[in-house]
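> For reference, the structure I am asking about is given below.
The values are calculated or read from the model by the stated rules, or taken from the named source; none is laboratory data. Remember, it's a predicted structure, so these values are computed and weren't measured experimentally. Glycine gets a Cβ as well: all are built from the backbone with ideal geometry, and neighbour counts include every protein chain shown. Quick note on the areas: whole protein, heavy atoms, side chains included, nothing else; ligands and nucleic acids left out. Shrake-Rupley method; radii C 1.70, N 1.55, O 1.52, S 1.80 Å.
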Amino acid sequence: MNRQTEEIRYLTFALGKGRLASKTLELLEQIGITCEEMKDKSSRKLIFVNEDLKLKFFLAKGPDVPTYVEYGAADIGVVGSDTILEENRRVYEVLDLGFGKCRMCVCGPASARELLQHHEMIRVASKYPKIAKDYFYNQKHQTVDIIKLNGSVELGPIVGLSDVIVDIVETGSTLKENGLEVLEEICPLSARMIVNQVSMKMEAQRIKKLLQALKEAK
Ligand code: PRP
């Protein structure tokens, strides 16, 4: 194909809905990538296009972002490292965006500290069963009963569903307001950029240029 007839392919971004998406759009704006269409909060549109730069953007539930990227429905994704660890998809993690910083921790009432030290069989509630399992089974070598919850995980120890929780701690105020505390720290977390493995080869130049610009801006 000669240069004139060659069509530039759209690069598609999947962004985790919410604060991460807003922060990502701010960062992209800093490097000259804008998507005006996306700023209209009243719109029910799901996919947004920047025709000039041949880019598409869509918002998805965080845990679905690595899925879209693994299957190539999105070339690039932005999501928290908690989700990347939990979903364990075949994608390249290419950049720590430096925002959305928080920690994955084992939390509970102070009285649960002893249960952790003595490697007792305890109940662990979490939105992140894989991360919890990996931590207790492979790192601590402690057999535990993991209970999957979908949110408001702090309720677990309060209502007697579990002894502890494995959850994200940002400011720590949710824990504090509910009489819970950090008992053990599992790992630091932040927003990451992930790339589809085929796109990384086929669109290497465009993606590398984007990554370079992002590294300089962040
Ligand atoms: C997250 C997390 C904690 C809270 C931590 O919940 O699961 O509950 O934020 O933040 P903090 O340390 O600043 O208080 P999120 O608001 O995402 O909702 P969820 O409980 O429904 O998962």
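> Report, in debye and to the nearest 20, how large the dipole of region 63-172 comes out about its Cα centre when Lys and Arg carry +1 and Asp and Glu carry -1 on their Cβ.
200 debye
> Pairs of Cα atoms under 8 Å, at least six residues apart: use those to get the relative contact order of region 49-196, whole percent.
After rounding, I find 38 percent.
> From the mean inverse distance of alpha carbon pairs (Kirkwood) and the Cα radius of gyration, derive Rg over Rh for region 70-112.
Rounded to two decimals, Rg/Rh equals 1.12.
> Before rounding to the nearest 500, sum -39500 (n - 2.57) across all DSSP H runs of length at least 4 in the chain and divide by the residue total; then give [θ] at 222 nm in deg cm²/dmol.
Calculated mean residue ellipticity at 222 nm is -7500 deg cm²/dmol.
> Now, a different point. Using Cα springs under 10 Å in a Gaussian network model of the chain, which residue among Asp75, Asp134, Asp52 shows the largest mean-square fluctuation?
Asp52
> A further question on this structure: With axes computed from alpha carbons, what is the tilt in degrees of helix 19-30 against the longest principal axis of the chain, rounded to the nearest 10 within 0 to 90?
Orientation of helix 19-30: about 30 degrees from the principal axis.
> So how far, in whole Å, is the C-alpha centre of region 13-52 from the one of region 143-218?
Measuring centre to centre over Cα atoms gives 22 Å.
> In debye to the nearest 20, how big a dipole does the chain give about its Cα centre with +1 on each Lys and Arg Cβ and -1 on each Asp and Glu Cβ?
540 debye
> Counting heavy atoms of the protein chains only and a 1.4 Å probe, report the per residue accessible area for region 1-144 as a whole number of Å².
58 Å²
> Whose amide H sits under 5 Å from the amide H of Leu59, counting only residues 5 or more places off or on another chain, with H placed in the peptide plane?
For Leu59, whose amide H was placed from the backbone, the distant partners under 5 Å are Leu15.
> On a straight-distance basis, which lysines could pair with Lys56 in a cross-link, Cα separation under 23 angstrom, same-chain partners fewer than 8 positions away excluded?
Excluding near neighbours in sequence, the set is Lys17, Lys23, Lys39, Lys41, Lys45, Lys201, Lys208, Lys209, Lys215, Lys218.
> Keeping to pairs on different chains or 8 or more places apart, tell me how many lysine pairs in region 95-153 have Cα atoms under 15 Å apart.
4
> Kirkwood Rh, the chain, all Cα pairs: how many Å?
19.0 Å
> With everything on Cα atoms, drop me the angle between helix 204-217 and the longest principal axis of the chain, reported from 0 to 90° to the nearest 10.
60 degrees
> With the full set of protein chains in place, find how many percent of the accessible area of region 141-194 is carbon and sulfur; take the probe as 1.4 Å.
Looking at region 141-194 in its full context, I get 47 percent from C and S.
> A further question follows. Using only alpha carbon pairs under 8 Å that are at least six residues apart, calculate the relative contact order of region 135-218 and give it in whole percent.
15 percent
> Taking the Kirkwood radius as the inverse of the mean 1/r across Cα pairs, report the Rg/Rh of region 1-111.
1.06
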